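The values are calculated or read from the model by the stated rules, or taken from the named source; none is laboratory data. Everything quoted here is computed from the prediction, not taken from an experiment. Using ideal geometry, Cβ is built from the backbone for each residue, glycine included, and neighbour counts are taken over all protein chains shown. Accessible surface is based on the protein model in full, side chains and every heavy atom, while ligands, DNA and RNA are left aside. Shrake-Rupley method; radii C 1.70, N 1.55, O 1.52, S 1.80 Å.
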Amino acid sequence: MRYLTAGESHGKQLTTIIEGVPAKMTLHRDEINESLLRRQKGYGRGRRMQIETDLVEITSGVRHGETLGSPISLVITNDDYRHWESIMGEDPISEDTKLRRVVTKPRPGHADLNGALKYGHRDMRNVLERSSARETAARVAAGAVAKILLRQLGIEVCGYVKEIRGIIAGEKNQFTIQEKQELSEQSPVRTLDKQVEKQMMDAIDEAKKAGDSIGGVAEVVVEGMPAGIGSYVHYDRKLDGRIAGSVMSINAFKGVEFGIGFEAAEKFGSEVHDEILWNKERGYYRASNRLGGFEGGMTTGMPIIVKGVMKPIPTLYKPLQSVDIDSKEPFHASIERSDSCAVPAAAVVMEHVVAFELARAITEQFSSDHFPTLKREITQYRDRIRNF
Ligand code: EPS
C-alpha cells in the first residue's frame, strides 16, 4: 500500500490516492468522515476550523460499499477556497501584487524561507500553501482506510495527548483500548487524564492571551498486532523505522520514542528488556513492555506504544524577528490567523499515519489482492506462532 496527496491549503481541494488496498474489503465514507471530523476538533484550534467541514468524496476504487483493488481516490473540498479564488486560482493574473497577495516575509520555524530558496519562489505563498498542516487532512483520509483494514483484522489504534507544555497526563494503562478511544474523544484536549485536562486548557488560554503558541507530546497505542510483522533483514523493512519516519513527517513533529524511549539511556539492560513468557492461550508474551512492542524492527505482539513530540506552532501573534526577502530589511511578522495549540489534532494525525504503516507492512507480508484471503492468512499465522 502507498499513497500520494495533493492540494494547497487555500486551493480547491485536497486529493489522496491510495494504491494497494486489497479488493473485496468493506469500505464506507462515513468511517473516513468520522476520522476527519476528529482531526478538526481540539481545544486551541484557530478560526479556520470553523470555516471547514471536512467531508470526503470517494471518486474511485470503491463500488457498492466494497473496494475493487484499483486505486482509491479521496477528495476533500476546501470550503475556504471561495474566499481565496482570485489569489489561488490556476489562471494567469496581472502582475498587481495586491491581487496576488505576495508573501515576502518568511516566518521563523516554517518552511517559507527554505522552500523559497530551494524552488526559487519570490512569492512565498507558493511554499506555505503546500507546507501548511492542512495537508494532514489528506493523510488522515489515507490512514482512515488503513484503520478500516486493521479493524477488520482485529487490530485497534488509538491516539491521545500525553503532554501539553510540561503538563503531563498520568499513566493510564489500566484502561482498555476501547476505553482510551472513548475517553480521549470526550476530552477537549484529547487526554485520558481528567485531572490534568483543565490545566492543559488553561495553559492553552494563557498562550493564546500572550499571542504565543505551545506544543506537546502525542501518544499512539496499537493492540492486536501479531508478533513478527516487519523485518530485521534490511534497514528499510524495519517497521519501527518506518513508523518513526512517518511520525517525524507530520508537520511540526521533532522527535519519536517507542516504549520507554530516551529513558533507556539511563538504565541497565536488565531494566530495559522485556522477559519472555509462554502459555497455551496467549502463546509467547512479555512480562513487561518497555520496548513499546518492537524488537529487531519487528512487532513483539505486545501493544505498540509510540510517542511523538510536536513543537509549538510557529505562526505567532507575537512574532519573532525575520528579514523581508525583497527589501532585506528586518521586520516583525504581521498578525496571521493561527492555532495556539494543535497537539490534540496532531494526536489524531499521528494515529492515522501509524495505522497506514501497519496496514502497509501487513499487506506486504500476507496476500494483498483479495481481502478474505488476507484475513484467512492472518488467522493461520496467529495460530502458527501461538504454538511455535
Ligand atoms: C496552518 C494555518 C491555519 C491552520 C491550518 C494550518 O490555517 P489558515 O492559514 O487557513 O488560518 O488552521 O490547519 C488547517 C487548515 C487544518 O485543516 O488543519 C499552517 O500554517 O500550517
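Spin-label model, Arg384 to Met248: label points 7 Å out along the Cα-to-beta-carbon direction sit 3.3 nm apart. Between Arg63 and Glu90, the modelled label-to-label distance comes to 2.7 nm, taking each label 7 Å out from Cα in the direction of the beta carbon. Listed by chain and number, the aspartates and glutamates whose C-alpha is less than 15 Å from the C-alpha of Lys194, apart from same-chain residues fewer than 8 away, are Glu163, Glu171, Glu179, Glu182, Glu185, Asp202. For a straight C-alpha distance cut-off of 22 angstrom, the lysines reachable from Lys267 (same-chain residues fewer than eight places away being disregarded) are Lys307. Springs between Cα atoms under 10 Å define the GNM used for the chain, and in it the highest mean-square fluctuation of Glu171, Glu266, Glu223 occurs at Glu266.
Using the rule -39500 (n - 2.57) for each DSSP H run of four or more residues, divided by the residues of the chain, the 222 nm mean residue ellipticity is -10000 deg cm²/dmol.
Report note on the peptides 243-256, 44-57: ranked by the mean count of other C-beta atoms within 10 Å, highest first, their order is 243-256, 44-57. Excluding ligands, DNA and RNA, the accessible surface per residue across the chain is 50 Å² with a 1.4 Å probe. Within the accessible area of the chain, the carbon and sulfur atoms contribute 52%, probe 1.4 Å, all protein chains present.
Can you order the peptides 181-193, 365-377 by their average number of other Cβ atoms within 10 Å per residue, highest first? Kindly include the intermediate steps, with their values, before the conclusion.
Numbers: 181-193: 20.5, 365-377: 16.8.
So the peptides 181-193, 365-377, ranked by packing, come out 181-193, 365-377.
Site pair Asp79 and Glu377 shows an inter-label distance of 4.2 nm when each label is modelled 7 Å from Cα along Cα→Cβ.
Above 36 Å lies some portion of the pair distances; for the range 2-386, what is it as a whole percent of all C-alpha pairs? Provide the component values of the computation, followed by the final result.
Values: 20109 of 73920 pairs.
Tail of P(r) above 36 Å: 27 percent of Cα pairs.
Taking a 29 Å limit on the Cα-Cα distance, which of the listed pairs Lys12/Lys328; Lys118/Lys254; Lys24/Lys280; Lys41/Lys147; Lys180/Lys318; Lys105/Lys311 fall beyond it? In this structure, Lys12/Lys328; Lys24/Lys280; Lys180/Lys318 lie more than 29 Å apart at Cα.
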